[in-house]
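S.K.: This is the structure, below, for whatever I ask next.
The values are calculated or read from the model by the stated rules, or taken from the named source; none is laboratory data. Being a predicted model, the structure only gives us computed values, none of them experimental. Here the Cβ is made from the backbone with ideal geometry for all residues, glycine too, and neighbour counts use every protein chain on show. Heads up: the accessible areas ignore ligands, DNA and RNA and are worked out on the full protein's heavy atoms, side chains in. Shrake-Rupley method; radii C 1.70, N 1.55, O 1.52, S 1.80 Å.
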Amino acid sequence: TAADWRAIKAAYDYRCAYCGKKPKELTQDHVIPLIKGGGTTKENILPACRSCNSKKHVGLPANPVQLVLG
């Protein structure tokens with residue numbers, strides 16, 4: 001939900017979960033991609049800047065992340 005997304009962003013201090021930057025806009029990144037069986041749940045979504053989210057399309061991000069919500 002929109003409330004869940006706001007809570008996720010707040011839990012990460014409105015920073016990208018991968019690089020730690022505070023962009024103007026964060027995108028929803030599915031830790032386990034939908035195509036691989038991941039869900040659109042707060043446990044499977046992280047805030048990511050567009051750059052980090054795009055890099056994930058060519059493999060996992062260089063920096064592992066710790067889920068804050070779950």
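S.K.: State all residues of the range 12-27 that are at pLDDT below 95 and under 17 Å from residue 40 (Cβ atoms); if no residue qualifies, say none.
M.R.: 17
S.K.: Of all residues in the range 1-17, how many are open to solvent by 40 Å² or more (accessible area, probe 1.4 Å) and among the β-branched types (Val, Ile, Thr)?
M.R.: Number satisfying all stated conditions: 1.
S.K.: Now, a different point. Would you point out the residue of the range 18-46, among those that are of a type in the set (A, V, I, L, M) and surrounded by 11 or more Cβ atoms within 10 Å (Cβ to Cβ), that is farthest from residue 4 (Cα to Cα)?
M.R.: Taking the candidates together, the pick is 32.
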